[in-house]
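Working notes, beginning with the structure itself.
The values are calculated or read from the model by the stated rules, or taken from the named source; none is laboratory data. All values derive from a computational prediction rather than experimental measurement. With ideal geometry, Cβ positions are generated from the backbone for all residues, glycine too; neighbour counts draw on all protein chains shown. In case anyone asks, the SASA skips ligands and DNA or RNA and just uses the protein heavy atoms, side chains included. Shrake-Rupley method; radii C 1.70, N 1.55, O 1.52, S 1.80 Å.
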Amino acid sequence: GEQYSTTQIAIWSNKEEKRTRELYAGKDIKFDPGESSLNSFIKSTDWSTAQGARKFFDDKGNFWLLAVGSYPLKSKSSSATRKAKGMAQTSAQAQMAYILYAEAESKRLAQSKMQEIASGTIDGGTENQSVTAFSETLSQNVKKKNIQGMSQKLGKKYTHPISGQLMYVSVYGLSSTGVRKSRLIEGSQARAAQ
């Protein structure tokens, strides 16, 4: 009908953690080259249903973190496009921040309460029943962090294949090489300012 469900699978390991920390520390670490360039990978991927993050090793051995954000286009007006573009970019940038800096906390809560309901008897009596609800939350928090070397690699309109909704998708990338270059530029500017 009008509803559908989606599933996201997240995989993380100590090796991934180490690799990501090394990337953002700007360390010059060599990785085995992948099969294609970043541009080829981005152009050949259907981003219409993508969300979250991807890792990618390009043909030069650069390690890339890619973050994806999307937002529906409510109309074909330029203001709606600007809004969707801004929201998609912000979402992708937030994904990148979460990958690098989030202090994630998972909570599972059990809540019980008593409620009084009609018993359905002839005398119109009531009975008490205990109702239990479970809720699970994942909260992530990033405060006052500056991300160097991140840039938009794709900004494009797509039609979602399930809902038919027109939306704007933004993909941001951060590479080990980009981080090193950004740090060099920042250091150079600091020395010039001194």
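Summary of computed values
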item: Alpha carbon centroid spacing (whole Å) that separates region 154-183 from region 58-95; result: 5
item: Relative frequency of Cα-Cα separations exceeding 16 Å in region 7-81, percent; result: 63
item: Links that overshoot a 26 Å alpha carbon limit, given the list 30/153; 15/43; 60/181; 55/85; result: 15/43
item: Probe 1.4 Å, protein heavy atoms only - accessible area per residue of region 12-58 in square angstrom; result: 66
item: Peptides ranked, highest mean first, by Cβ atoms within 10 Å: ranges 150-163, 82-95; result: 82-95, 150-163
